[in-house]
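A quick write-up on the structure given underneath.
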Amino acid sequence: MLYREALNRALDELMQKDENIVILGEDVGLYGGSYRVTEGLVEKYGEKRVIDTPIAELSIVGNAVGMAIGGLRPVAEIMTANFSLLAFDQIINHMSKFHYMSNGKIKLPMVVRFPQGVSRQLAAQHSESYEQMLSAVPGLRVVATSDVNHAYHALKKAILLDDPVVFIEHELLYNKKGEVDFNDTQDPFKARVVKEGKDITIVSYLKILDDVTASVAAIEKELNCSCEVIDLCSLNPIDYETLAKSIKKTSRLVMVEEDHKTGGFGSQIVSWAAEELFYSLDAPPLRIAGEDVPIPYNRKLELASIPTVDSITKKVIEWGHKNGL
Amino acid sequence: MEKLIAGDIYYLMYLGRAFEYKAKEHYMTGDISGFLHLDIGQEALSVAAMKAFEKGDVFTTYREHIMAIARGMEPKYVMAELFGKASGVSGGKGGSMHLFDPSHFFYGGDAIVGGQIPNAVGCAYARKYQGNLEGVMVVFGDGATNGGAFFESLNIAATHKLPILFLCENNEYAIGTNIKRAAPFKEQYKKAEPYMLTKAIDGMKADEVYSAVKEAQSLIEKGHGPIFIEAYTCRFEGHSMSDANLYRSSQEMKHCKARDPLPYFKEKMLNSFNFSQEEVEALEKKANECVDEAVDFAANAKEPPLEALYEHVFYEELNNVVS
Ligand SMILES: Cc1ncc(C[n+]2csc(CCOP(=O)(O)OP(=O)(O)O)c2C)c(N)n1
Ligand SMILES: [Mg+2]
């Protein structure tokens, strides 16, 4: 199954069971979705439940909030993260706050999904990541999904939950292959250890996690050590427990993210580790992130603006040598 | 319209189409990547509007190669941008969707639908403030007329009586969604009617576009305030290279292509503007040569150096800033 098919299956299964679930977004219906996540659903559930909207992101999320207040369970799709900026007022002022401001009287069972990140030469207005901003909003659950199995389980949970969830996908993952383990009972909103190890904890999420995984063999060989790789899965709330357990075991932390380094999501993980686990660490944490520049169109520059398998491998090895590995 | 301008318009339309087909070809070979939105079928609007609105400032969308060329950017520098080269109009950092050239008062190349409209309104305010009423032209698609930025802009432009031309290119589609499924009516000028003078034209006819935009520009220059023109067009290709165009029937495409702006204007060239067949062919030949040269230039141009990644994040170096 492909990542996009796993998402599609999650939507399909739940829509079949609960007619309150509706989908809204640009080109989600007749067109089948820009990344084909909603393919076939309008044929099955009709235009009343799979709603093609005008290009009006503020209204897509704003309407979803109203639909949730009115008793539906909307799943809104924003075509690309950059367009979600037009909906930030609704996401931050409305979606994230009604439950708290109403002293718990209003609940918003809704999901806002979008893909983000650097794909292939889509340039500065189509390549950004916003988990750093969104995960800083109290009241908003933020999930980032990096593989087929997790995508399926996490989207189901996001839809079934009575909290508002921002569900982050990545443009380069839609055609990623994998299997869904239908018996998987792990909580998809908790961090997952994707590879066990005992010397370095490498924390990551979303697409760049694949690059981490691909660099591990070379790192282990060169440093003669073993890496534990953790997929964060949920960016708010953060599963500190799983992280602490791993870092206490390995005594070393590497944080890898695709986004710009300054103010990036990983700074939260590293500052938390410095505050809470200082005496468990044998080395200063290493943060690997994108450059502090808008994403350029030219392919060479684009690749130089984000971490890659090569740069991750090189940086971790350098850091390892410097720190007694 | 004078003969000279007609010749210019035909030349640019023909060149524009040849340019787009070359871009398509080089997208297939991988020389061009990312999102590539072709303007094939809509050359009349892109060229004639730019030629008619010679003065002032222009803001537009990601489907702007032909507009950029018609505005005066050299095809070779536009093609080089599509190839991501250092000599491209945006240094290879913008790509197809982000062509900028302030020396031609052309400010993108914006890929956030509707995002350029408030920018154009602000620029119109600045021009009026400076006592310059030449006007700002903002081009956007039918898809942009359903967003808040559009409605807010109409209101502000009308309130301040700003020198601005709203030019809506209604090709009936926003990617795969037909305008009838996204708005209660097909004619988007109706949304502007309460605020300003509006006009609807056939955007496939270069002469009609030229005279409507020319007239609007001269009214704006005389202090008339904002004007809205809606031009009905039809794109021949998918929304971008990633769109297979499956939502339009062959019947619909046949209708669309019957409105081809090139044969229409060629006929005008021969019968209304007294061009000879040879003269027209000479223009076509010149246009093809220019596009071939542009491709050659782009293919052989240099990539930007790695340092370019960090250039132009800020205009001022931090240590130059005095508070
Ligand atoms: C704010 C925003 N939402 C969505 C998109 C994705 N998108 C790019 S072009 C487009 C359709 C625009 O249609 P229209 O305005 O009619 O212009 P056309 O492509 O027909 O020239 C969409 C939805 C975007 N670029 N920006
Ligand atoms: Mg359109």
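Each value in this text was obtained by applying a stated rule to the coordinates, not by laboratory testing. In this text the structure is predicted, and so the values were computed from the model without any measurement. Please note: Cβ atoms are built from the backbone with ideal geometry, for glycine as well, and neighbour counts cover all protein chains shown.
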What number comes out for the charge environment of residue B:129, summing +1 per Lys or Arg and -1 per Asp or Glu over other residues with Cβ under 15 Å away? +1
Long-range amide H contacts for residue A:50: which residues qualify at under 5 Å (H placed 1.01 Å from N, peptide plane, sequence gap of 5 or more or a different chain)? A:23
To the nearest 10 degrees, how steeply does helix A:148-160 sit against the main Cα axis of chain A, on a 0 to 90 scale? 50 degrees
Rounded to 10°, Cα long-axis angle of helix A:240-250 versus longest principal axis of chain A: 20 degrees
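Give me the net charge of residue A:113's neighbourhood, meaning all other residues with Cβ under 14 Å from the Cβ of residue A:113; Lys, Arg count +1, Asp, Glu -1.
That works out to -1.
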Give me D for chain A in µm² s⁻¹, whole number, from Stokes-Einstein with Rh from the Kirkwood sum over alpha-carbon pairs, 10 °C and 1.306 mPa s. 79 µm²/s
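When N counts the residues of the protein assembly as shown, how does its alpha-carbon radius of gyration compare numerically with 2.2 N^0.38 Å, as a ratio?
Compactness ratio reported: 1.03.
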Two-decimal Rg/Rh across the stretch A:192-322, once Rg and the Kirkwood Rh are taken from alpha-carbon atoms: 0.95
With x for Gly and Pro, the residue-by-residue ³J(HN,Hα) of the stretch B:90-105, computed from phi through the Karplus equation 6.51 cos²θ - 1.76 cosθ + 1.60 at θ = phi - 60° and given in whole Hz, is 10, x, x, 8, x, x, 3, 8, 10, 8, 10, 7, x, 5, 10, 6
Once you measure Cβ to Cβ distances between cysteines in chain B, which Cys have no partner under 4.7 Å? B:123, B:168, B:290
For residue A:135, what is the net charge nearby, where nearby means another residue's Cβ is under 12 Å from its Cβ and Lys, Arg count +1, Asp, Glu -1? -2
Where N is the number of residues in the stretch B:47-87, Cα Rg divided by 2.2 N^0.38 Å: 1.21
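Longer than 19 Å from Cα to Cα, which of A:156/A:190; A:195/A:261; A:177/B:24; B:3/B:268; A:17/A:190 are they? Say none if no pair is.
Listed pairs above 19 Å: A:195/A:261; A:177/B:24; A:17/A:190.
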Give me the percent of Cα-Cα pairs in the stretch B:220-264 that sit more than 16 Å apart, rounded to a whole number. 57 percent
Percentage of Cα-Cα pair distances in chain B greater than 34 Å, rounded to whole percent? 22 percent
Taking residue A:248 as the anchor, which aspartates and glutamates have their alpha carbon closer than 20 Å to its alpha carbon, excluding any fewer than eight residues away along the same chain? A:196, A:199, A:220, A:228, A:231, A:239, A:275, A:276, A:282
Along the charge dipole of chain B, which of B:203, B:236, B:69 sits closest to the positive end, that is, farthest toward it, with unit charges on the beta carbon of Lys, Arg, Asp and Glu (+1, +1, -1, -1)? B:203
Along principal axes, largest first, the alpha-carbon spread of the stretch A:56-122 in whole Å comes out as 45, 20, 17
Using only the alpha carbon atoms of the stretch A:3-173, find the Kirkwood hydrodynamic radius as the inverse mean reciprocal pair distance, in angstroms to one decimal. 15.7 Å
Cβ-placed point charges (K, R +1; D, E -1), dipole of the protein assembly as shown about Cα centre in debye, nearest 20: 1040 debye
Please list, in chain and number order, the residues 5+ apart from residue B:137 or on another chain whose amide H is under 5 Å from its amide H, with Hs placed from the backbone. B:57, B:58, B:59, B:165
